[in-house]
Each structure stands twice: as structure tokens, then as C-alpha cells.
1. Rounding to the nearest 10 and keeping the result within 0 to 90°, find how far the Cα-based axis of helix 311-321 lies from the longest principal axis of the chain.
2. May I ask you to give the average projected area over all directions of the convex hull of the Cα atoms of the stretch 115-239, in nm² rounded to one decimal?
3. Which one of Glu57, Glu178, Glu271 has the biggest mean-square fluctuation once the chain is modelled by GNM with Cα springs under 10 Å?
4. Need the list of lysines near Lys233 for cross-linking: C-alpha distance under 26 angstrom, and skip anything on the same chain fewer than eight residues off.
5. If amide hydrogens are placed 1.01 Å from N in the peptide plane, which non-local residues have theirs closer than 5 Å to the one on Thr146?
6. Please build a GNM for the chain, connecting alpha carbons under 10 Å apart, and tell me which residue among Asp286, Asp362, Asp300 fluctuates the most.
7. Using the Cα centre of the stretch 251-390 as the reference point, and only Cβ charges (+1 on K/R, -1 on D/E), how large is the resulting charge dipole? Debye, rounded to the nearest 20.
8. Return the single residue from Gln347, Gln163, Gln220 with maximal mean-square fluctuation; model: Gaussian network over the chain, springs between Cα atoms under 10 Å.
Amino acid sequence: MKKFEVPEFYKSPIISRIKTVRKTMDPKKKDRSPTALNFGPIEFLIARHFGFCYGVENAIEISYKAISENPTKRIFLLSEMIHNPAVNSDLLARGIKFIMDTKGKQLISWGEIDENDIVIIPAFGTTIEINEILKSKSIEPMAYNTTCPFVERVWKMSNKLSQSDYTIIIHGKHNHEETRATFSHSSNDGPSVIVKDLKEAKELAKYIRQELTDEEFFVQFEGKYSLGFTPSKHLRKIGVINQTTMLATETKEIAEYLKNEVEKHHGQGKETFADTRDSLCYATNDNQSATIGLLKEEADLAIVVGGYNSSNTTHLVELCEEKLPTFFINGHENLLSKNELSHFLWQTKEESSTTDYLPKKDKIRIILTSGASCPDAEVDKVLTKLVSFFDETRSTEEVLTEIEKQTEI
């Protein structure tokens, strides 16, 4: 896989050594078990796979390249490049401005931007409509296009399905940048509709069964269907794709459910349902599989590091919460002390504070992982800050050397 030029301050002296050991011992990533780092009174279970993915590293490399190549020009990002506050804050500090927020609200009007400016396409991609706006201003949108290749793969899959007259069902969050981009591309190819979860898929099935009218659909799925969509006509032959950061198990459940419904009411096989492969990116799959591997171990709590608006990170939190107390944090600054931390409640979208989050016992085991847009350097800082809360701990060098010796066995 391609090596990217990522700024040194995103790199990690601790996590990078662990990843090197695991890559040496398990190059094909068949072993999903975690790495145990024993500091004495505190032990960490580090996920087999986490942190920057191919798409994020590609986006970072291109964005910093745009800065270095255009020192005298104004540089804009359509919106946050990735869902990580540290990365986006650094880009803002270097003079880059965001044209929109993550919900698509305009922060800088298109009238303020001209052909002399540089506009970076974020990793989530963008809509056909915005591409046309840029071209109308003589700005080449592909000049600094950081769209993740795995997102583009979903667009190609959508196009192929539409050419065979399948209606596209997108499993995603309709207000997420990636889903907005995917919806724009799929809608350009053919009929498309977005479902957020299995609950919405079950609502959609009522229209597959024609239990409800087209008019009721237009109200219930407002803003989630393509122009000219007619449920009584377009829900007879379908295929399912997804936002690349959704839960794999949920996508499979939705696809299987809708397959059963459409085949039951409109015929069997390819005539009604496209046998699409899961369209999650490899990193989302790997991160979720590694988290499931983590949860086979006994631990006292889990800490998941990443941006609060990061979909893939939120799903890791969901997985961990099924088994043990889990704290979703932006970074080491959320660790206020040994007795208190601030963390994000993804269900209510609120930040909260918890005291006595570390159990009072001689040996504490903590599951530690992060999302695909979180720098390993931040995971380092979380780990070292937690270790600093305890007395008589083993040194980091001693712990890492112990791990590295495993490659000599």
C-alpha cells in the first residue's frame, strides 16, 4: 500500500512501534486479538487496527501539499477535511478557511471565491452540484481532490447498479457529508433513497409492500429521496450500498431484511435484488473487527479517542458500550485528573463529566482504541497521561521493549 507524507507531529513514538511489531508478526491481519501493555498498576489492551486509514493519510498529504505549493494564494476547504478537531484546527491555523460546516451550512458565500483561489475537496467527497459551481468559477475541483478512493468505489458501484435499472438504497446518515455526496452521485444515475437504520428500513418496507401511499412516502422520507422518485414504481428492484463508515453488521441486517421483503412481494433473484458486496471501506471493517476482538478480553473500561462528529468512531463506541463502561473523548485534554474526565454522549450529542471513572483496585485494565481520523500521536498522549496518574509504573521503554522481543521468538 502507498506510503504517504504525513507531518511529523501526527506520528507516534509509542503506537507506531506497537503497529510495527503487529505488522511483522501478522502481516495479513488475521489475528484480531489486542496488544497488552503492562505498566504495572495499569494495563492497556490496544486494538489490532485503528487510527489513520488510507483515505485520511491521502487527504492529509494533499492538503499540506496544497499549502506548501500555494504560499501566496487563499486556500479553502469545502468543509472539515476529516472529522478530527486536532487536524482541522491545525489547518485553520495555517490559514485554510472552511466554505461550509459539516451540515452543509454556508460559512463563506460562493461570491467571495474566484478563479485565483484554491479549493480542496475533503475526504468525504462532494456533490455534483458543488463540482459544477467550482467549474463555473474556473476552479478545477480535481486539482486538490482528497476524496477517499473507497468512497469513489461506492459511487462506481451505484452507477453500475443504476445501469441495470436497480433503485439505490443508501444506508447512511442523510446529513453526513459523505452520504450527501453519494446521494448526489447516485441520484444523478437513477432513483435513490436514504435509510439511516433498520427502523427506517422497516418503514421503507411498508412502501415495498404498498401498504402506504406514495404521498405518505413523500412526507415520511422528505429530503431523503431523489427527484422523480415514485415508491410504487421504484421499490420493485433494489440494491443496497452504504456510507463507508457505518456499522457493518447493521448494513448486512438492512440488506437482508430488504432483500426478503422485495423478493416476497415482487419476485426472486436478480430480478428484484442486486447481490451487492458490503461497501464499507477496509479500515472501517478492520477497526470494527479489531474492536470485536478487543471485547473478547476482560477489562474494566474502554476509552475511544476521536472526533465527536466522526461516524466511524461513534460506531466503535457503540460496540464497546455493549460490554463495558465506555468513554468517548477527543483527546488527552479530556482526562482532567485521575478522578474526573469529560466525554461525549453520542446518543444525546452532549458533553458530560464523570468522576471516579477509574475503579479503585490494584490493577486496572483499559481497552484503548481510536477512529480512522484520529492521529496515533493523540492516542500516545492519552496513554501516557493515564499512566502518569499512577505511582511506581514501569517505564514506556521497558514495556515496548518487552513487546518488541516477541518478534525474536
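1. Once rounded, one gets 60 degrees.
2. Numbers: hull surface 31.9 nm².
Taking a quarter of the hull surface, the average projection is 8.0 nm².
3. Result: Glu271 has the largest fluctuation of those listed.
4. Lys156, Lys160, Lys173, Lys196, Lys199, Lys202, Lys206, Lys224, Lys252, Lys259, Lys264, Lys270
5. Result for Thr146 returns Ile121.
6. In this elastic network of the chain, the residue with the biggest mean-square fluctuation among Asp286, Asp362, Asp300 is Asp362.
7. Values: 15 positive and 23 negative charges, 56 e Å.
Using only the charged Cβ atoms, the result is roughly 260 debye.
8. Judging by the Gaussian network model, the answer is Gln347.
The values are calculated or read from the model by the stated rules, or taken from the named source; none is laboratory data. Small disclaimer: the values here were computed from a predicted structure and weren't measured. Every residue, glycine as well, gets a Cβ built from its backbone with ideal geometry; the counts of neighbours run over all protein chains shown. Note: areas computed on protein heavy atoms with side chains; ligands, DNA, RNA excluded. Shrake-Rupley method; radii C 1.70, N 1.55, O 1.52, S 1.80 Å.
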